[in-house]
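So the structure is just underneath, and the comments pick up after that.
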Amino acid sequence: MAQDWLGLSGRVAIVTGAAGGIGSGIAAELAAVGAAVGLLDRDGNAAEAVAATLRAKGAKAVGLGCDTTDEASVRRALSATQDVLGPAEILVNNAGILRPGPLAEIPIAEWNALLAVNLTGYLVCAQAAREQMLAKGGGVIVHIASIAATNPQPRSGAYSPSKAGVAMLSRQLAAEWGPDGIRSNVVSPGLIRTPLSESFYQAPGVLERREAMLPSRRVGTPKDIADAVVFLASPRAAYVNGAELLVDGGLEQVMMGLVPRPGY
């Protein structure tokens, strides 16, 4: 097998929300296959701390503070990563927030704040990265959505609508930017154990009940998502454009099994 089977060695990748569980996992996996990684996060110190651990392993990485809802902030960050690493060829739109609340009561300001990060911010970053990608003759965008994009997550405010919007945004980018050599795809995680969700798993019996309902019989890890992202970012997925890859251990396939049926 070729040493650089994925063809990502030396490629420059940008990961947003890179200080979080899934984001740092994606950045680590990209670095492990030879990519140079720019880690962007609202918490710049945390992003640089993750980047430092990657550099200690021999990777090229830089961490920067960035507000993905602010066009000027995004362009400054991408300009800074370009100065250190070179033009971006890969963008992983991963930054996201959750503002829980039932739709009957959630303040519109909370709704708009979530959409600004989870959806509008993805377009802001894509537009900024596009300019550098075109200079390299093309590029790849991978957006992190969620199984909640197609399965409503109650009492989570704008979260499900935002992720559904991400899926359609990716398809539209694929249609509009594909002729320019820029691919756009989505990875939709199911149940993934991260520091953000760890409090759920500390409750007695939650892990066991969740594992029991999954066909794969385990809750996912950030590496499960990172592996899917790395494939879609690589030339091995060169003819994959406008697709959505569901990484959920089979969760979506058991939904109908939850419906009561006499005799079963």
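A cut-off of 5 Å between modelled amide H atoms, ignoring neighbours fewer than 5 places along the same chain, links Thr221 with Arg193.
Largest mean-square fluctuation among Ile144, Ile14, Ile182, in a Gaussian network model of the chain whose springs join Cα atoms under 10 Å apart, belongs to Ile182. Each Lys and Arg Cβ is given +1 and each Asp and Glu Cβ -1; about its Cα centre, the chain then shows a dipole of about 420 debye.
Could you give the length gained by full extension between Glu105 and Lys223, i.e. 0.36 nm per residue of separation minus their alpha carbon distance, to one decimal place? Before the final figure, lay out the partial values.
On the way: separation 118, 0.36 × 118 = 42.48 nm, distance 3.60 nm.
So the chain would gain 38.9 nm between Glu105 and Lys223.
Applying a threshold of 26 Å to the alpha-carbon distances of Lys60/Lys163; Lys163/Lys223; Lys136/Lys223; Lys136/Lys163 flags Lys60/Lys163; Lys136/Lys223; Lys136/Lys163 as lying beyond it. Label-to-label distance for Val206 and Asp43 is 1.8 nm, based on points extended 7 Å past Cα in the beta-carbon direction.
Determine the calculated [θ] at 222 nm for the chain from helices alone, applying -39500 (n - 2.57) to every DSSP H run no shorter than 4 residues and normalising by the residue count; nearest 500 deg cm²/dmol. Spell out each step's value before the answer.
Working: 9 runs with 106 residues, N = 264.
It comes out at -12500 deg cm²/dmol, rounded to the nearest 500.
For Ser156, Ser197, which order do you get if you count the other beta carbons within 10 Å of each Cβ and list the fewest first?
On the way: Ser156 21, Ser197 13.
Result, fewest neighbours first: Ser197, Ser156.
Just checking the listed ones, Ala31, Ala72, Ala174: in the Gaussian network model of the chain with Cα springs under 10 Å, the one fluctuating most is Ala72.
List every residue whose amide H lies under 5 Å from the amide H of Leu245, counting only residues 5 or more places away in sequence or on a different chain, with H placed 1.01 Å from N in the peptide plane. Amide H neighbours of Leu245, under 5 Å, 5+ apart: Val186, Val187, Ser188. Measuring between their Cα centroids, the range 76-93 and the range 204-237 lie 28 Å from each other. Across the range 25-38, coupling constants 3J(HN,Hα) worked out from phi with the 6.51/-1.76/1.60 Karplus curve, θ = phi - 60°, read x, 5, 4, 5, 6, 4, 5, 5, 9, x, 6, 8, 10, x Hz, and Gly and Pro carry x.
Bridging of Lys57 to aspartates and glutamates at a Cα separation below 15 Å is possible for Glu29, Glu48, once same-chain residues fewer than 8 apart are set aside. Eigen-decomposition of the gyration tensor built on the alpha-carbon atoms of the chain gives equivalent ellipsoid semi-axes of 30, 21, 19 angstrom, largest listed first. Computed from the C-beta positions of Val259 and Gln127, the FRET efficiency with R₀ = 41 Å rounds to 0.45. Within the listed set Val229, Val92, Val254, the residue fluctuating most in the Gaussian network model of the chain (springs between alpha-carbon atoms under 10 angstrom) is Val254. Whole-Hz Karplus values for the range 77-84 come out as 5, 5, 5, 5, 5, 5, 4, 8 Hz, taken residue by residue from phi with 6.51 cos²θ - 1.76 cosθ + 1.60 and θ = phi - 60°; glycine and proline positions read x. Think of the chain as a dipole: +1 on every Lys or Arg Cβ, -1 on every Asp or Glu Cβ, centred on the Cα centre; then among Leu114, Asn241, Gly190, Gly190 lies furthest on the positive end. Taking amide H atoms as placed 1.01 Å from N in the peptide plane, the amide H of Ile182 lies under 5 Å from those of Gly139, each 5 or more residues away in sequence or on another chain.
Normalised radius of gyration for the range 72-223, please: alpha carbon Rg relative to 2.2 N^0.38 Å, two decimal places. Display every interim value, and only then the final one.
Numbers: Rg = 17.6 Å, N = 152, 2.2 N^0.38 = 14.8 Å.
Ratio of Cα Rg to 2.2 N^0.38 Å: 1.18.
For the range 247-255, putting each phi into the Karplus relation 6.51 cos²θ - 1.76 cosθ + 1.60 with θ = phi - 60° gives couplings of 10, 9, x, x, 4, 5, 7, 9, 4 Hz, in residue order, rounded to whole numbers and with x for Gly and Pro.
Only the coordinates and a few stated rules stand behind these numbers; no lab work does. Note that the structure is predicted; figures quoted are calculated from it, not measured. Cβ atoms come from the backbone with ideal geometry, glycine included; neighbour counts cover every protein chain shown.
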